[in-house]
């Protein structure tokens, strides 16, 4: 057998071995070689995929399946997402926000009279959220069950609900105590507390 024909047979044999290994799913070092889809590709150096005309990679998965998986909880720098658990970032409390507690207002069980509590942001801040809660003043805590928050809204500097589009500087909560003599209940007093979430202007 001449030298050129012998080299041809050896080359064909090596190629055949490469095809068999490629179909077994056995991982190998991909460095400098083609990336095999459906196979376990291994690298000893970072691989870069670059496209100068658009996204470098697009992954499509069926409904209910994640487009990719990772094996680490380490933070990935520069990874951005449009939503988290279906929520837009505008619904989250922003970094630097602070919750400030407002006045405590007694809501006695003397009749169905509404009581108000207001919480204020400090100078240079504006309100981005707020609310309130009720604390019973009786050992059996029934004051909590008979006192209801009926109104909660952002307020302007005059203490009244802020108009649409205006910047709020505080939060108002209003409650009523229904444990009065008309219901046969008494001594079911409670405290109404307001709070506001503030951010810097």
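A few points about this structure:
- Subset of the stretch 150-184 [farther than 28 Å from residue 200 by Cα and touching a strand residue (DSSP E or B) at 6+ places or on another chain (Cβ under 9 Å)]: 150, 175, 176, 177, 178, 179
- Residue 72 in a helix (DSSP H, G or I) and either modelled with pLDDT of 70 or more or surrounded by fewer than 10 Cβ atoms within 10 Å (Cβ to Cβ) (or both): no
- Under the condition of being exposed (fewer than 14 other Cβ atoms within 10 Å of the Cβ), touching a residue at least 60 places away in the same chain (Cβ under 8 Å) and not in a strand (DSSP E or B), the residues counted in the stretch 150-201 number 5.
- The stretch 117-135: number of residues that are assigned to a strand (DSSP E or B), without any contact (Cβ under 8 Å) to a residue 60 or more places away in the chain and surrounded by fewer than 18 Cβ atoms within 10 Å (Cβ to Cβ): 1
- Sole residue being closer than 30 Å to residue 136 by Cβ, part of a loop (DSSP other than H, G, I, E, B) and in contact (Cβ under 8 Å) with a residue 60 or more places away in the chain, chosen from 111, 96, 102: 111
The values are calculated or read from the model by the stated rules, or taken from the named source; none is laboratory data. Every value quoted in this text rests on a predicted model; they were computed, and no experiment measured them. Here Cβ is always computed from backbone atoms with ideal geometry, including for glycine, and neighbour counts include all displayed protein chains.
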